[in-house]
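K.L.:
Please find one structure pasted underneath; my questions will follow.
Read-outs: derived from the displayed coordinates by stated rules, not from any lab. Given the structure is predicted, the values throughout are model-derived calculations rather than measurements. Glycine gets a Cβ as well: all are built from the backbone with ideal geometry, and neighbour counts include every protein chain shown.
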Amino acid sequence: MVLSGEDEDQQWQVLLSMTVAITSGLILRKKLCSQQPAVRTTELRSQHFCVTGSTSGIGEAVVKELVRRGAGSVVLAVRDTYKGSKLVKELRDAYDIKSDDEITVVGLDLLNVESCRAFSQAVIEGGPLGKTTCLINNAGAMFKTFHVNDRQVEDTMMTNFLAPLYITKALLPTLRKNAKFNSPSRVICTGSKLEKRSELDETTTLDDLRGKNDADDYSLFQAYANSKHGIHLCVNAMADEDSVVKYHTASPGMVNSRLNRFVNPSVLFFTWPLRKLLLNTPEHGAASVLHAATSHEAAQSTAKFYDSNKPEKGGFGVTQGASVEKKIARRVYGQATIILDEVFR
Ligand SMILES: NC(=O)c1ccc[n+]([C@@H]2O[C@H](COP(=O)([O-])OP(=O)(O)OC[C@H]3O[C@@H](n4cnc5c(N)ncnc54)[C@H](OP(=O)(O)O)[C@@H]3O)[C@@H](O)[C@H]2O)c1
């Protein structure tokens, strides 16, 4: 049978309408499914979390999952408290949470000495932070240019290493007080396998840890690697001396998050589809952090380095970061403590 031009047109129109109808149906179905009421469990009822940098990316994914699993309380320690409050409202609405103190926001800008001190004071005063059983040091950043603050600390070392160490030490008495025999308190750091590029070793000086020496040949990735290795070494040294609190580092793998904003904008623009395709989602990246923070397995051990890219049955593979040899860890921790006394006194 030979179709006239008009018949062919009609056939195309029918085909097009069917395609549009089916696609719309599928989109609608997906939307309706995702609008199912959120179901909240109670498995983390006795645990109380403080998560830094939880207004985006991995930290936001961690907070959402902790709330979904019924955490006793979650404190979002964030520098953008407006954004933090919006997320709190979203979560309260999603799970119909009436109580004010189950999810709260506390201001914390790791680049700002006064803000870190205020956080430390808030810990002493109790309030929502007084219940903390797990601190998740997640906030982190990279910086395109070299900048040293008025306390002689470079911004990357301050944000990812020295300020998180300061707030960890500030929370330690609380974490110790709240630890139970069968439920130890925990400190979890969102680490990075880039730490393998770290230059910290047994010859590291105080100025290396302040990141002061890099003015002439500053590299964003080098500073980032040093900072991530620095905090990893310190929490491992703390783990060595502590039988009450467990300390772990968790690598999220390469995640498509706002952390990328520190990279050249034109590179970002042209690699958008590739990043979407190849990089982990924040939820995937958060998995090892959540495992370290909540699993029974991680409560039994300390100073592990979990890897979101190595999921194993019932847990996560432990990956090999940079050297965390005890001698180097003790040296770096000792030096970092001296710097904290100078910077935050
Ligand atoms: N993305 C990756 O591929 C990757 C890989 C390995 C490790 N990590 C680590 O994962 C953690 C989360 O990063 P992400 O990928 O989720 O990136 P992100 O979306 O940029 O999240 C970083 C969070 O840290 C906060 N932050 C940055 N500077 C801060 C400061 N001075 N004081 C307080 N909070 C600050 C940010 O707050 P603002 O919104 O106010 O900026 C944001 O909430 C970081 O520690 C990062 O180093 C990421």
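K.L.:
Quick check: net charge around GLU312, other residues with Cβ under 14 Å of its Cβ, Lys/Arg +1 and Asp/Glu -1?
P.N.:
Summing Lys and Arg as +1 and Asp and Glu as -1 gives +1.
K.L.:
Here is a further query. Looking at the chain as a GNM with Cα springs under 10 Å, which of GLU154, GLU60, GLU114 has the largest mean-square fluctuation?
P.N.:
Among GLU154, GLU60, GLU114, the largest GNM mean-square fluctuation belongs to GLU114.
K.L.:
Also: Take each of the peptides 247-253, 115-121, 64-70, average the number of other beta-carbon atoms within 10 Å over its residues, and list them starting from the highest.
P.N.:
247-253, 64-70, 115-121
K.L.:
Still on this structure, please answer the following. Based on the mean of other beta carbon atoms within 10 Å per residue, what is the order of 163-176, 282-295, most packed first? Intermediate values should be presented prior to the final figure.
P.N.:
Working: 163-176: 21.0, 282-295: 24.2.
Top of the packing list down: 282-295, 163-176.
K.L.:
Please work out how much length the chain gains when fully extended from ARG330 to HIS296, using 0.36 nm per residue of separation minus the C-alpha to C-alpha distance, in nm with one decimal. Display every interim value, and only then the final one.
P.N.:
Working: separation 34, 0.36 × 34 = 12.24 nm, distance 2.77 nm.
9.5 nm is the gain from fully extending ARG330 to HIS296.
K.L.:
In nanometres, what is the gap between the two model label sites at LYS276 and LYS313, each 7 Å from Cα along Cα-to-Cβ?
P.N.:
Label-label distance for LYS276 and LYS313, simple model: 3.7 nm.
K.L.:
Listing PHE49, PHE146, PHE270 from the residue with the fewest other Cβ atoms within 10 Å to the one with the most, what is the order? Could you put the intermediate results ahead of the total?
P.N.:
Values: PHE49 27, PHE146 18, PHE270 10.
Least crowded to most crowded, the residues run PHE270, PHE146, PHE49.
K.L.:
Next up: Could you work out how much longer the chain between ASP80 and ARG197 gets when fully extended? Use 0.36 nm per residue separation minus the Cα distance between them, nm to one decimal.
P.N.:
39.0 nm
K.L.:
Next question. Under 1.5 on a/c is rounded, so check that first for segment 41-343, then, if it is not, pick prolate when a/b is larger than b/c and oblate when it is not; a ≥ b ≥ c are the square roots of the alpha carbon gyration tensor eigenvalues.
P.N.:
Since a/c stays below 1.5, the shape of segment 41-343 is classed as rounded.
K.L.:
Test of understanding: ordering CYS134, CYS234 by Cβ neighbours within 10 Å, fewest first, what list do you get?
P.N.:
Going from least to most buried by this count: CYS134, CYS234.
K.L.:
Once label points are set 7 Å from the Cα along Cα→Cβ at both VAL39 and SER183, what is their separation, rounded to one decimal in nm?
P.N.:
Modelled inter-label distance: 2.3 nm.
K.L.:
Who wins for biggest fluctuation among ASP101, ASP240, ASP216 in a Gaussian network model of the chain, springs between alpha carbons below 10 Å?
P.N.:
ASP216
K.L.:
To make sure I understand the rule: partners must be aspartates and glutamates, Cα under 18 Å from the Cα of LYS304, and not fewer than 8 residues away in the same chain. Which ones qualify?
P.N.:
Of all the aspartates and glutamates, those that pass the test against LYS304 - Cα under 18 Å, at least 8 places apart if same chain - are GLU195, ASP240, GLU241, ASP242, GLU312, GLU325.
K.L.:
Around PHE146, what is the net charge, scoring Lys/Arg as +1 and Asp/Glu as -1 over all other residues with Cβ under 11 Å from its Cβ?
P.N.:
Details: positive: LYS144, LYS212; negative: GLU154, ASP155, ASP214, ASP216, ASP217.
After counting each charged neighbour, the total is -3.
K.L.:
Can you check what the net charge comes to around ASN256, using other residues whose Cβ is under 12 Å from the Cβ of ASN256 (Lys, Arg +1; Asp, Glu -1)?
P.N.:
+3
K.L.:
Only bridges whose two residues both fall in segment 41-343 count here: according to DSSP, what percent of them are antiparallel, nearest 5?
P.N.:
Values: 5 of 33 bridges.
Antiparallel bridges: around 15 percent, rounded to the nearest 5.
K.L.:
Taking 0.36 nm per intervening residue step and subtracting the Cα-Cα distance, what contour gain separates ASP341 from SER219 on full extension?
P.N.:
Result: 41.2 nm gained on full extension.
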